[in-house]
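The next block holds one structure in the form of structure tokens; read it before the comments.
The values are calculated or read from the model by the stated rules, or taken from the named source; none is laboratory data. Keep in mind that this is a model prediction, so the values were computed, not measured. Neighbour counts are summed over all protein chains in view; Cβ atoms, including those assigned to glycine, are modelled from backbone coordinates with ideal geometry.
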Amino acid sequence: MCGLSFRNITALAPMVRVGTLPMRLLALDYGADVVYCEVRIDYNVIKTVRVPEVLDTVDFVAPDERVMFRTCEREKDRVVFQMGTADPDRALIVAKLVEQDVAAVDVNMGCPKEYSTKGGMGAALLSDPDKIVAILQKLVSGVSIPVTCKIRILPSLEETVSLVRRIEKTGVAAVAVHGRLKEERPRHPLHLDHIQAAARAVSIPVIANGGSLDLVKTNSDIEAFRRASGASSVMLARAAMWNASVFMEGGPLPLEAVMEDYLKHAIRYNNHAFNTKYCLCQMLRDKVESPLGKQLQAAQTTQEISEAFGLQEFYQQIQDQLQVKRNSLQSCSQL
Ligand code: FNR
């Protein structure tokens with residue numbers, strides 16, 4: 001198997017609502033090597049139709065017209081599609097659907113939310129290693145792109161080590177280890193010893209995750225986290241959500257510049273206004289009650305969000321470009 005390598009990389013972690021196309025492009029701009037999309041549930045993805053779009057994106061659109069996954073050429077060799085699944089056959093159908101548009105597929109084995117676990121997905125898989133193996137083997141033998149998974153740790157070091165060894169044997173390209181138990185919340189301290197033990201136990205790349213709160217605040221902390229964890233690679237969720245320029249050498253940049261860069265991608269790729277607003281609010285954190293935060297919260301459309309950030313001219317320019325493109329596509333189709 002060839003393609004994307006997970007050795008010695010820094011990745012944007014999968015994040016529901018946050019990991020949509022604008023955030024992934026932003027992370028790539030700032031130096032992330034690999035970007036994961038938000039987790040998508042297998043039976044929802046199976047119902048989607050693949051649509052090449054006027055924006056130069058590829059959209060996977062649900063029957064109710066919702067875009068389940070939007071991607072573009074720029075990230076094609078860097079984006080990992082994360083799925084929530086509890087069924088090898090369904091997992092393979094999903095992987096086949098997205099295979100030509102993404103660099104790798106990942107299986108979520110850490111989500112503790114009820115919507116995942118009640119269907120046997122996410123962290124529920126951690127208590128069913130035979131199911132983990134069945135899903136991963138099916139994917140590895142069924143698709144031509146790399147397969148990875150993201151786990152949480154188990155109660156003892158021995159159990160964590162034994163799980164990553166079983167995972168390695170399935171032929172996956174890498175395993176991301178979030179160093180917390182499934183019952184633990186993001187504010188709980190990280191169990192670095194489990195990530196270290198996992199990294200020692202297998203020869204595939206281990207991607208260390210869970211360091212955002214205490215360990216990674218600036219770009220140089222990423223390398224320190226990598227070394228401390230003994231892992232090959234590092235994956236960041238919250239540190240990147242708060243300020244994606246943490247991926248940049250010498251980063252992070254001032255938040256205002258990062259928010260503007262984010263919003264430009266959101267405008268270019270016609271991101272859903274509510275999703276854009278949500279991500280910008282996450283970046284503002286405790287400044288969400290500032291005058292800018294209040295203006296942002298009142299905004300209902302991408303145009304209004306653009307106005308709040310003084311980007312109305314940029315917004316208009318992109319709308320004009322898109323209209324020209326639509327017109328030329330229309331006249332081509334009439335020939
Ligand atoms: C997450 N996390 C997560 N994990 C996953 O495998 N799939 C997902 O879709 C999500 N969604 C998600 C949304 C948001 C808003 C957050 C903050 C987190 C977990 C995430 O990838 C990561 O494992 C943890 O946040 C720990 O890493 P950090 O934040 O310490 O870098």
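Tabulated data for the structure shown
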{"quantity": "Conditions (1) crowded, with 16+ Cβ neighbours inside 10 Å; (2) closer than 24 Å to LYS138 by Cβ; (3) more than 15 Å from the ligand (Cβ to nearest atom): number failed by GLN82", "calculated": "(3)"}
{"quantity": "Criterion violated by ALA257 - all others in (1) touching a helix residue (DSSP H, G or I) at 6+ places or on another chain (Cβ under 7 Å); (2) away from the ligand (no atom under 11 Å from the Cβ); (3) under 17 Å from ALA27 (Cβ atoms); (4) not basic (Lys, Arg) satisfied", "calculated": "(1)"}
{"quantity": "Residue within region 220-236 that is near the ligand (Cβ under 10 Å from one of its atoms), farther than 30 Å from GLN319 by Cβ, modelled with pLDDT under 95 and of a type outside the set (Phe, Trp, Tyr) present", "calculated": "no"}
{"quantity": "Meets criteria (assigned to a loop (DSSP other than H, G, I, E, B) and either of a type in the set (A, V, I, L, M, F, W, C) or away from the ligand (no atom under 16 Å from the Cβ) (or both)) for VAL45", "calculated": "no"}
{"quantity": "Selection count where residues are in contact with a strand residue (DSSP E or B) (Cβ under 7 Å, 6 or more places away or on another chain), more than 26 Å from LEU97 (Cβ to Cβ) and either surrounded by fewer than 19 Cβ atoms within 10 Å (Cβ to Cβ) or not charged (D, E, K, R) (or both), scope region 138-162", "calculated": "1"}
{"quantity": "Close pairs from region 99-113: first within 15 Å of VAL35 (Cβ to Cβ), partner more than 15 Å from the ligand (Cβ to nearest atom) and not in a strand (DSSP E or B), Cβ under 6 Å, at least 6 apart", "calculated": "ALA103/LEU4; ALA103/ASP77; ALA103/ARG78; ALA104/LEU4; ALA104/ILE145; ALA104/PRO146; VAL105/ALA95"}
{"quantity": "Counted residues, region 103-134 - those being at pLDDT 95 or above and away from the ligand (no atom under 15 Å from the Cβ)", "calculated": "9"}
{"quantity": "Among (1) at pLDDT below 95; (2) of a type outside the set (Phe, Trp, Tyr); (3) more than 22 Å from VAL34 (Cα to Cα), the one test that LEU213 misses", "calculated": "(3)"}
{"quantity": "Output for region 237-254, where each listed residue is of a type outside the set (S, T, N, Q) and either outside any loop (DSSP other than H, G, I, E, B) or within 16 Å of the ligand (Cβ to nearest atom) (or both)", "calculated": "ALA237, ARG238, ALA239, ALA240, MET241, TRP242, ALA244, VAL246, PHE247, GLY251, PRO252"}
